[in-house]
Amino acid sequence: MDKSALRLQESTEASLSLADLQKYAEGWFLSGEISRHSAATLDNRRLIVKNLLWFLRRKKCDTCGVMELRQFLVYLTNGHKDPGGRWSNPQQTRQIKPRTSKDYHRK
């Protein structure tokens with residue numbers, strides 16, 4: 001995440017409800033538009049948040065904290081091994097490229 005993004009404390013107790021996470025994400029998207037980020041950057045941000053929320057709901061998480069974010073990044077790396085593919089998409093059965101992992105971690 002860049003400087004305009006929400007920062008979580010480095011603690012397993014720091015967390016947000018999924019509703020708050022979605023609200024802050026909307027602000028992050030608007031900030032990117034105000035800063036005139038490219039359409040590709042904004043689309044990438046939306047995809048990352050969509051996938052994060054999908055993962056959290058799938059795991060029946062009520063909140064998102066540091067531990068959940070770490071679990072999400074592990075899923076991103078290994079989700080292609082799931083029987084239904086990553087994101088429950090049978091076409092997503094290949095390992096992600098290191099750049100993709102880096103992009104998710106950085107944003």
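Rule-based calculations on the coordinates, nothing more; no lab input. If you're wondering where the values come from, they're calculated on a predicted model, not measured in any experiment. Cβ: placed from backbone, ideal geometry, glycine included. Neighbour counts: every protein chain shown.
With the simple spin-label model, which puts each label point 7 Å out from Cα in the Cβ direction, the residue 89 to residue 33 separation comes to 2.4 nm. The charge dipole of the chain, taken about the Cα centre with unit charges on the Cβ atoms of Lys, Arg (+1) and Asp, Glu (-1), comes to about 440 debye, rounded to the nearest 20. Once backbone amide H atoms are built at 1.01 Å from N, residue 65 has 16 as its partners under 5 Å, excluding neighbours fewer than 5 places away on the same chain. The label point for residue 23 and the one for residue 47, both projected 7 Å from the Cα toward the Cβ, are 2.9 nm apart. Here the scattering of the range 60-107 is modelled by Debye summation over its C-alpha atoms, one equal scatterer each and no solvent; at q = 0.16, 0.33 Å⁻¹ the log10 of I(q)/I(0) is -0.48, -1.13.
Taking the Cα centre of the range 17-106 as the origin and placing charges on Cβ (Lys, Arg +1; Asp, Glu -1), which of 65, 80, 47 is farthest toward the positive end of the dipole? Toward the positive end, the furthest listed residue is 80.
Per-residue ellipticity at 222 nm computed for the chain from its helices equals -18000 deg cm²/dmol, with DSSP H segments shorter than 4 residues left out and the rest contributing -39,500 (n - 2.57). For the range 17-106, the fraction of C-alpha pairs more than 15 angstrom apart is 63%.
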